[in-house]
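Q: So that we are looking at the same thing, I have put the structure below in structure tokens.
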């Protein structure tokens, strides 16, 4: 069966392993969609019709799915929603710039683009938004994210409506009340007026140019010196992480070291091994920080690349791995 599939797909695999389970499932679905015509032709081929699989109940069920237009339409529908969410999930695990100041805007843009891809027909995307909002409200829709959005100079000065957004402003003041001592809260309130009017260091030509060039935390570190209390508060907010993936990577390293065969390691020895191995991984990620910058929110505004079946900047040869290489046999 696998050989028959490869014969019709030009020796290309449908499965595309990725770093996470959800990405593997999504990219595999994308490849199935790309091979739609070849897969249909396979089930119409003489080899298939003569095989035992064609007579099997499971085989007949699969053929029924593949020949249904609704099956392929559902795949495209899932791309319209999931493709944008994959970009947001990549954003929260970035290395070059802390993503806290971007996640709020990213989700807003993703939802707007999803609605636009369904031509703003609420009935078509209503159920998807209910699922997204349920997860968003529980995990990511917190005052911290609203405050980080407010304190991101790139968005604040470009969007005058932020000041009138009650939800964003409420999140900011909730964070001030909870994270700052009472005697400093009034000082931060006064210093916010300078930030709103872009006065002092905030209005310098260099500060204006670097609103979008620097990470928000680095920008506050450079140009927030005349408002020290607000500066410290902004850096605390904007330097936070949005994901537990860093912890999960450390647990993964621990799991690799503390296996069934190596379960008698002394505690200190185990700690030392995890420390060395995880810091090697951190060093590799740090060295790639300038090559991988997933915080490109303009991509979320563009047409969803999953609908055209091709990722921007990649050719078909790079995207589809051959089963056999021309030189080494099996890869």
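Q: Does the stretch 71-120 hold any residues that are in contact with a helix residue (DSSP H, G or I) (Cβ under 9 Å, 6 or more places away or on another chain), more than 22 Å from residue 171 (Cβ to Cβ) and assigned to a loop (DSSP other than H, G, I, E, B), and which are they?
A: Across the stretch 71-120, the qualifying residues are 93, 95, 118.
Table: residues versus (1) at pLDDT below 90; (2) under 13 Å from residue 153 (Cα atoms); (3) in contact with a strand residue (DSSP E or B) (Cβ under 7 Å, 6 or more places away or on another chain).
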{"residue": "183", "(1), (2), (3)": "yes, no, no"}
{"residue": "186", "(1), (2), (3)": "no, no, no"}
{"residue": "191", "(1), (2), (3)": "no, no, no"}
{"residue": "196", "(1), (2), (3)": "no, yes, no"}
{"residue": "201", "(1), (2), (3)": "no, yes, no"}
{"residue": "210", "(1), (2), (3)": "no, yes, no"}
{"residue": "220", "(1), (2), (3)": "no, yes, no"}
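Q: If I ask for residues that are more than 13 Å from residue 5 (Cβ to Cβ) and under 35 Å from the mean Cα position of the chain (by Cα), which ones from the stretch 43-69 would you list?
A: Those that are more than 13 Å from residue 5 (Cβ to Cβ) and under 35 Å from the mean Cα position of the chain (by Cα): 61, 63, 64, 65, 67, 68, 69.
Q: Here are some residues: 107, 100. Which one is free of Cβ contacts under 8 Å to residues at least 40 places away in the same chain and crowded, with 20+ Cβ neighbours inside 10 Å?
A: On the way: 100 fails: free of Cβ contacts under 8 Å to residues at least 40 places away in the same chain.
The match here is 107.
Q: Can you tell me which residue in the stretch 258-286 is nearest to the chain's Cα centre (by Cα), limited to those that are modelled with pLDDT under 75 and part of a helix (DSSP H, G or I)?
A: If we take residues in the stretch 258-286 being modelled with pLDDT under 75 and part of a helix (DSSP H, G or I), then 285 is nearest to the chain's Cα centre (by Cα).
Q: OK, next. With respect to residue 293, determine if the residue is out of contact with any helix residue (DSSP H, G or I) (no Cβ under 7 Å at 6 or more places or on another chain), within 30 Å of residue 117 (Cα to Cα), modelled with pLDDT under 80 and surrounded by 12 or more Cβ atoms within 10 Å (Cβ to Cβ). Can you show your working first?
A: On the way: out of contact with any helix residue (DSSP H, G or I) (no Cβ under 7 Å at 6 or more places or on another chain): yes; within 30 Å of residue 117 (Cα to Cα): yes; modelled with pLDDT under 80: yes; surrounded by 12 or more Cβ atoms within 10 Å (Cβ to Cβ): yes.
Yes, satisfied.
Q: Would you confirm whether any residue within the stretch 232-243 is farther than 23 Å from residue 282 by Cβ, without any contact (Cβ under 8 Å) to a residue 24 or more places away in the chain and surrounded by 14 or more Cβ atoms within 10 Å (Cβ to Cβ)?
A: Initially, the stretch 232-243 is screened for residues farther than 23 Å from residue 282 by Cβ, giving 232-234, 237.
Right, trim to without any contact (Cβ under 8 Å) to a residue 24 or more places away in the chain and you get 232.
Filter once more, keeping what is surrounded by 14 or more Cβ atoms within 10 Å (Cβ to Cβ): 232.
Within the stretch 232-243, one or more residues are farther than 23 Å from residue 282 by Cβ, without any contact (Cβ under 8 Å) to a residue 24 or more places away in the chain and surrounded by 14 or more Cβ atoms within 10 Å (Cβ to Cβ).
Q: A further question follows. Where the second residue is exposed (fewer than 14 other Cβ atoms within 10 Å of the Cβ) and the first is on the phi > 0 side of the Ramachandran plot and lies in the stretch 190-213, which pairs have Cβ atoms under 8 Å and are six or more apart or on separate chains?
A: Final answer for the pair search is 200/226.
The values are calculated or read from the model by the stated rules, or taken from the named source; none is laboratory data. Only a predicted model underlies this, so the values are computations on that prediction, with no experimental measurement involved. A quick note on method: Cβ atoms are made from the backbone with ideal geometry, for glycine too, and the neighbour counts reach across all protein chains shown.
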